[in-house]
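K.L.:
Provided herewith is a single structure, encoded as structure tokens, for subsequent inquiry.
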Amino acid sequence: MAPHDDQPQVNDDSIASESHGKPISNIVIFIAMHTEALALVNRFQLIEDHDSLFPEGVPWVRYHGMYKDLHINIVQPGKDPALGVDGVGTVSASLVTYAAIQSLKPDLIINAGTAGGFKAKGAAIGDVFLTSEVAFHDRRIPIPVFDLYGVGKRQAFSTPNILKELNLKIGRLSTGDSLDMSAQDEASITANDATIKDMEGAAVAYVAELLKVPVIFLKAVTDIVDGEKPTAEEFLQNLAAVTAALDEAVAKVVDFINGKCLTKL
Ligand code: SAH
């Protein structure tokens, strides 16, 4: 792995400095799929919010509760109203993240979920990655400066102590709205120097940056993109087991965060 991949590099100076001094008290965990969230909802004994903060009629879901000194909110796009499947992808991720930040004013956002991994970059099924940097791989705009806007590269909030203490892998994440990978996507993912790919991360990062909330990413590998097996099949085969690994990692991160201020992460 390239040396620059080893650590998220800079923290966003624009994040309100007063929030750095006091312990984190309120976190939002954005998780795209219900299966990915279930174990965490049970572990933290969260309850579903029926008096929704969200606009009337949207399928978005919030589970919340106190765990130790933390107010934990898990937010999800919920089921597509027409088709009944989880609202994966960047559009609903942006909307739910925006609405959750507006109403909950979290100190920190965690985007937890599954991802495809590249074995050539050191990923294996069940690995949980902390992400140093995120970017898009399906927003090609070949006009100067718009090209950079399309790629939308952003740093995750730097958490060197979480990385050290919890022994997670670190890598770059590339986001696009497809589960499969076209040849053009592949070239962009390579240009992004990504180890993992998902369908939400860079969108969550965009909203978090707009609204100046620090964000970290925990992504567990369900499928190997540069392997032999078809992605959709491998994803479904590993989803349950890998979700358990994700649940463990998120729980450890939450325990580590409890009682600490942002600068100690
Ligand atoms: N067929 C699945 C669809 C889930 S979409 C089902 O109905 O259960 C895949 C989800 O997992 C997205 O939220 C995405 O962020 C993540 N993901 C896992 N592996 C991925 C990959 N190889 N490429 C992109 N996203 C992936």
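K.L.:
Report yes if some residue within segment 229-238 is open to solvent by less than 20 Å² (accessible area, probe 1.4 Å) and modelled with pLDDT of 95 or more; otherwise report no.
P.N.:
No, the conditions are met nowhere in segment 229-238.
K.L.:
Right, something else. Looking at segment 158-193, which of its residues are assigned to a helix (DSSP H, G or I), within 14 Å of the ligand (Cβ to nearest atom) and polar (S, T, N, Q)? Break it down into steps so the answer makes sense when it comes.
P.N.:
Of segment 158-193, the ones assigned to a helix (DSSP H, G or I) are 160-166, 183-191.
Now drop any that are not within 14 Å of the ligand (Cβ to nearest atom), which leaves 185-186, 188-189.
Passing the criteria: only SER188.
K.L.:
While we're on this one: How about segment 1-55: which of its residues are at pLDDT 55 or above, hydroxyl-bearing (Ser, Thr, Tyr) and in contact with a Lys or Arg (Cβ under 9 Å, 6 or more places away or on another chain)?
P.N.:
SER52, the sole residue that qualifies.
K.L.:
Continuing with this model, one more query. Please determine whether any residue of segment 101-110 is of a type in the set (A, V, I, L, M, F, W, C) and open to solvent by 30 Å² or more (accessible area, probe 1.4 Å).
P.N.:
Here is the first cut: in segment 101-110, the ones of a type in the set (A, V, I, L, M, F, W, C) are 101, 104, 108-110.
With the extra rule that they be open to solvent by 30 Å² or more (accessible area, probe 1.4 Å), the set shrinks to none.
No, the conditions are met nowhere in segment 101-110.
K.L.:
State whether the residues of segment 140-153 include one that is surrounded by fewer than 23 Cβ atoms within 10 Å (Cβ to Cβ) and under 14 Å from the mean Cα position of the chain (by Cα). Before the answer, list the steps.
P.N.:
The initial filter retains those residues of segment 140-153 that are surrounded by fewer than 23 Cβ atoms within 10 Å (Cβ to Cβ), namely 140-153.
Filter again for under 14 Å from the mean Cα position of the chain (by Cα), leaving none.
Checked against the condition, which is being surrounded by fewer than 23 Cβ atoms within 10 Å (Cβ to Cβ) and under 14 Å from the mean Cα position of the chain (by Cα), segment 140-153 yields no hits at all.
K.L.:
Let me ask something additional. Among the residues in segment 124-131, are any in contact with a strand residue (DSSP E or B) (Cβ under 6 Å, 6 or more places away or on another chain) and away from the ligand (no atom under 14 Å from the Cβ)? Even if it seems obvious, please write down each step before you answer.
P.N.:
In the first step, residues of segment 124-131 are kept if they are in contact with a strand residue (DSSP E or B) (Cβ under 6 Å, 6 or more places away or on another chain); the result is 125, 127-131.
Going one step further and asking which of them are away from the ligand (no atom under 14 Å from the Cβ), we end up with 130.
Within segment 124-131, one or more residues are in contact with a strand residue (DSSP E or B) (Cβ under 6 Å, 6 or more places away or on another chain) and away from the ligand (no atom under 14 Å from the Cβ).
K.L.:
Further, regarding this structure: For segment 105-119, check the following and say yes or no: at least one residue is more than 16 Å from the ligand (Cβ to nearest atom) and at positive phi.
P.N.:
In the first step, residues of segment 105-119 are kept if they are more than 16 Å from the ligand (Cβ to nearest atom); the result is 105-108.
Now narrow it down to the ones that are at positive phi: 105.
Yes, segment 105-119 contains a residue that is more than 16 Å from the ligand (Cβ to nearest atom) and at positive phi.
K.L.:
GLU248 is checked against (1) within 16 Å of the ligand (Cβ to nearest atom); (2) in a helix (DSSP H, G or I) and fails just one. What number does that condition carry?
P.N.:
(1)
K.L.:
Check whether at least one residue in segment 221-237 is in a loop (DSSP other than H, G, I, E, B), away from the ligand (no atom under 12 Å from the Cβ) and under 14 Å from the mean Cα position of the chain (by Cα), and report yes or no. Walk me through it before giving the result.
P.N.:
Within segment 221-237, the first condition is being in a loop (DSSP other than H, G, I, E, B), and the residues that meet it are 225-230.
Okay, now just the ones that are also away from the ligand (no atom under 12 Å from the Cβ), so 228.
Remaining after also requiring under 14 Å from the mean Cα position of the chain (by Cα): none.
No, segment 221-237 has no match at all.
K.L.:
List the residue pairs whose Cβ atoms are under 7 Å apart, where the first residue sits in segment 162-173 and is acidic (Asp, Glu), the second is surrounded by fewer than 19 Cβ atoms within 10 Å (Cβ to Cβ), and the two are 6 or more positions apart or on different chains.
P.N.:
Going by the 7 Å Cβ cut-off, the qualifying pairs are GLU165/PHE256.
To keep it simple, each residue is scored yes or no on (1) away from the ligand (no atom under 16 Å from the Cβ); (2) assigned to a strand (DSSP E or B); (3) buried (at least 16 other Cβ atoms within 10 Å of the Cβ); (4) of a type outside the set (D, E, K, R).
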residue: GLN45; (1), (2), (3), (4): yes, no, no, yes
residue: GLU56; (1), (2), (3), (4): yes, no, no, no
residue: HIS64; (1), (2), (3), (4): yes, yes, yes, yes
residue: ASN73; (1), (2), (3), (4): yes, yes, yes, yes
residue: LEU83; (1), (2), (3), (4): no, no, no, yes
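K.L.:
In this structure, is LEU148 out of contact with any helix residue (DSSP H, G or I) (no Cβ under 9 Å at 6 or more places or on another chain), aliphatic (A, V, I, L, M) and closer than 27 Å to ILE74 by Cα?
P.N.:
Numbers: out of contact with any helix residue (DSSP H, G or I) (no Cβ under 9 Å at 6 or more places or on another chain): yes; aliphatic (A, V, I, L, M): yes; closer than 27 Å to ILE74 by Cα: no.
Taking the combined requirement at face value, the residue does not satisfy it.
K.L.:
Can you tell me which residues in segment 208-220 are part of a helix (DSSP H, G or I), surrounded by fewer than 24 Cβ atoms within 10 Å (Cβ to Cβ) and not acidic (Asp, Glu)? Before you say what the answer is, go through the steps one by one.
P.N.:
Quick first cut of segment 208-220, residues part of a helix (DSSP H, G or I) only: 208-210.
When the remaining residues are screened for being surrounded by fewer than 24 Cβ atoms within 10 Å (Cβ to Cβ), the result is 209-210.
Passing the criteria: only LEU210.
K.L.:
Here's something else I'd like to know. Identify, by number, the condition in (1) open to solvent by less than 10 Å² (accessible area, probe 1.4 Å); (2) within 13 Å of the ligand (Cβ to nearest atom) that ALA205 doesn't meet.
P.N.:
(2) is the only condition that ALA205 fails.
K.L.:
Moving on. With respect to PHE217, is the statement that it is aromatic (Phe, Trp, Tyr) and within 14 Å of the ligand (Cβ to nearest atom) true?
P.N.:
On the way: aromatic (Phe, Trp, Tyr): yes; within 14 Å of the ligand (Cβ to nearest atom): yes.
Against the criterion (aromatic (Phe, Trp, Tyr) and within 14 Å of the ligand (Cβ to nearest atom)), PHE217 qualifies.
K.L.:
Can you spot a residue in segment 170-192 that is at positive phi and open to solvent by 30 Å² or more (accessible area, probe 1.4 Å)?
P.N.:
no
K.L.:
Of everything in segment 116-157 that's assigned to a loop (DSSP other than H, G, I, E, B) and of a type in the set (Phe, Trp, Tyr), which residue is nearest to ASP223 (Cα to Cα)?
P.N.:
We begin by selecting, within segment 116-157, every residue assigned to a loop (DSSP other than H, G, I, E, B); these are 118, 122-127, 137-145, 152-153, 156-157.
Then drop every residue that is not of a type in the set (Phe, Trp, Tyr), which leaves 118, 157.
Working: PHE118: 9, PHE157: 26 Å.
The extreme case among them is PHE118.
The values are calculated or read from the model by the stated rules, or taken from the named source; none is laboratory data. Source: prediction; values computed, not measured. Positions of Cβ are generated from backbone atoms using ideal geometry, with glycine treated the same way; all protein chains shown enter the neighbour counts. SASA here: full protein model, heavy atoms, side chains in, ligands and nucleic acids out. Shrake-Rupley method; radii C 1.70, N 1.55, O 1.52, S 1.80 Å.
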